[in-house]
Amino acid sequence: MKLKITTLPGDGIGPEVVAEAVKVLEAMAASHGHEIEARPFPFGSSGLDEAGSGFPDETRQACLSTPAILLGAVGDPRHDHLPPGERPERALLHLRRLIESFANLRPVVASYVSKSSPFRKETLEGVDLLIVRELTGGLYFGEPRGIEGEGKSRRAFNTLRYDAKEIERIARVAFDAAGKRRSRVTSVDKANVLETSKLWREVVTEVAQDYPAIELEHMLVDRAAMELVSHPSRIDVLLTSNLFGDILSDEASMLAGSLGLLPSASIGGDIGLYEPVHGSAPDIAGKGIANPIGAIASAAMMLRYSFELENEARAIDDAILEAFAAGYVTADLTDSGDAKSSAEVGDFIASRVRG
Ligand code: NAD
């Protein structure tokens with residue numbers, strides 16, 4: 001099979017981790033009889049530098065021409081002074097909207113318990129959850145939005161809006177996923193305060209009627225924030241809106257041991273977007289120490305969801321576990337002096353995938 005993908009390495013550690021993910025994809029292709037065509041395009045701050053736009057036209061065309069996109073991260077402190085609409089991070093929102101991949105899947109598995117983990121070992125036992133976050137609606141996209149006025153009379157506003165169809169389609173993704181897992185959906189909202197959450201709860205309850213084998217519980221977001229750190233292994237599929245999902249998924253990343261371990265897939269449209277959960281990490285960019293596993297595991301999700309290559313995806317997931325078992329981890333996961341570089345971790349995983 002010829003796998004055509006667009007890569008958007010982006011900024012900071014983005015290019016470093018995407019290079020390792022492509023290395024592993026090439027090893028997978030060589031060992032499983034596939035061919036990879038991965039073409040990089042400027043995006044984010046690198047797009048602003050190279051083409052005067054965070055999301056240049058050429059990049060936009062490339063994204064629409066392949067079934068899958070592998071993204072590193074965007075964001076550079078040099079552009080932090082720009083107004084929100086011109087910041088490179090806004091390119092990411094435009095990309096998500098463009099490809100209409102409304103369902104963001106973020107698996108969190110506590111498969112590596114680092115010495116620096118803030119959690120007790122017992123709390124992490126059996127943690128294997130999937131966050132299903134609505135990605136193209138809610139507060140991040142609602143209009144009107146803006147900042148008005150001058151001096152002390154300045155006011156700012158955003159709009160939180162969901163319609164029943166948007167809620168139904170994301171709920172179906174969560175229930176379908178739960179059917180292949182432990183058959184439990186925890187739907188997170190703020191129905192005691194927000195009208196959007198009241199509708200969210202109603203629609204999710206209606207969708208649940210079509211899935212009699214799946215157990216549904218509703219949970220307020222404040223309680224969910226507590227449950228994630230007190231009893232995380234009770235959660236199977238956590239379904240939630242764009243804003244709550246953004247915050248809860250970063251909280252959940254701590255269960256995995258490092259933000260650098262977490263992959264994500266954005267699906268639902270014709271084109272899938274795969275990216276590690278972390279940002280551009282300017283504090284460690286250029287040092288060759290970024291954890292590449294979030295990006296590598298995102299590439300595995302790409303094989304699974306966009307190309308339906310389950311065996312190939314599993315070969316990469318298994319190789320990541322072998323890296324943990326062999327102690328091949330970057331500095332974010334170990335406080336002893338034997339941390340490996342991003343390239344060493346990538347090489348190790350590629351060699352195990354090659355067999
Ligand atoms: P961040 O995720 O970049 O970094 C948070 C902390 O985690 C830092 O200490 C960083 O060193 C560490 N970290 C992150 N990824 C790591 C990895 N792979 N290996 C080891 N350590 C890692 O978040 P931030 O510092 O809040 O944001 C930095 C920039 O990234 C900002 O410009 C922000 O807007 C942007 N950002 C982009 C995305 C994205 O592209 N999807 C997501 C979040 C933040």
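The values are calculated or read from the model by the stated rules, or taken from the named source; none is laboratory data. None of the values given here were measured: they were computed from a predicted structure. When we count neighbours, we look across all protein chains shown, and the Cβ atoms used for this are built from the backbone with ideal geometry, even at glycine. For accessibility, only protein heavy atoms count, side chains too; no ligands or nucleic acids. Shrake-Rupley method; radii C 1.70, N 1.55, O 1.52, S 1.80 Å.
If you filter the stretch 61-85 down to residues that are surrounded by fewer than 21 Cβ atoms within 10 Å (Cβ to Cβ) and aliphatic (A, V, I, L, M), you find that the one that is nearest to the ligand (Cβ to nearest atom) is L82. Of all the residues in the stretch 260-273, those that are in contact with a Ser or Thr (Cβ under 6 Å, 6 or more places away or on another chain) and closer than 22 Å to E166 by Cβ number 6. Against the list (1) under 20 Å from the mean Cα position of the chain (by Cα); (2) assigned to a strand (DSSP E or B); (3) of a type outside the set (G, A, S), the condition D176 fails is (2).
Restricting attention to the stretch 216-226, the residues that are buried (at least 16 other Cβ atoms within 10 Å of the Cβ) and in a helix (DSSP H, G or I) add up to 3. For the stretch 128-160, a residue qualifies if it is touching a Phe, Trp or Tyr at 6+ places or on another chain (Cβ under 9 Å) and either closer than 22 Å to Y328 by Cα or of a type in the set (D, E, K, R) (or both), and the qualifying residues are R133, E134, R145, E148. Does R120 fit the bill of being in contact (Cβ under 8 Å) with a residue 24 or more places away in the chain and either out of contact with any Asp or Glu (no Cβ under 7 Å at 6 or more places or on another chain) or buried (at least 16 other Cβ atoms within 10 Å of the Cβ) (or both)? It is false that R120 is in contact (Cβ under 8 Å) with a residue 24 or more places away in the chain and either out of contact with any Asp or Glu (no Cβ under 7 Å at 6 or more places or on another chain) or buried (at least 16 other Cβ atoms within 10 Å of the Cβ) (or both). Which of the residues that make up the stretch 25-59 are among the β-branched types (V, I, T) and either away from the ligand (no atom under 15 Å from the Cβ) or not assigned by TED's automatic domain parsing to the domain that holds A300 (or both)? Of everything in the stretch 25-59, just one residue is among the β-branched types (V, I, T) and either away from the ligand (no atom under 15 Å from the Cβ) or not assigned by TED's automatic domain parsing to the domain that holds A300 (or both), namely I36. Within the stretch 243-258, residues that are charged (D, E, K, R) sit with their Cβ atoms under 6 Å from residues that are more than 11 Å from the ligand (Cβ to nearest atom) and open to solvent by less than 50 Å² (accessible area, probe 1.4 Å), at 6+ positions apart or across chains, in these pairs: E251/L228.
Beta carbons closer than 7 Å, at least 6 apart along the sequence or on distinct chains, pair a first residue in the stretch 88-99 that is small (G, A, S) with a second that is near the ligand (Cβ under 10 Å from one of its atoms) for A91/F43; A91/G44; A91/V74. Checked against the criterion of being surrounded by fewer than 22 Cβ atoms within 10 Å (Cβ to Cβ), in contact with a strand residue (DSSP E or B) (Cβ under 7 Å, 6 or more places away or on another chain), closer than 21 Å to V193 by Cβ and among the charged types (D, E, K, R), the candidates R145, R161 yield just one match: R145.
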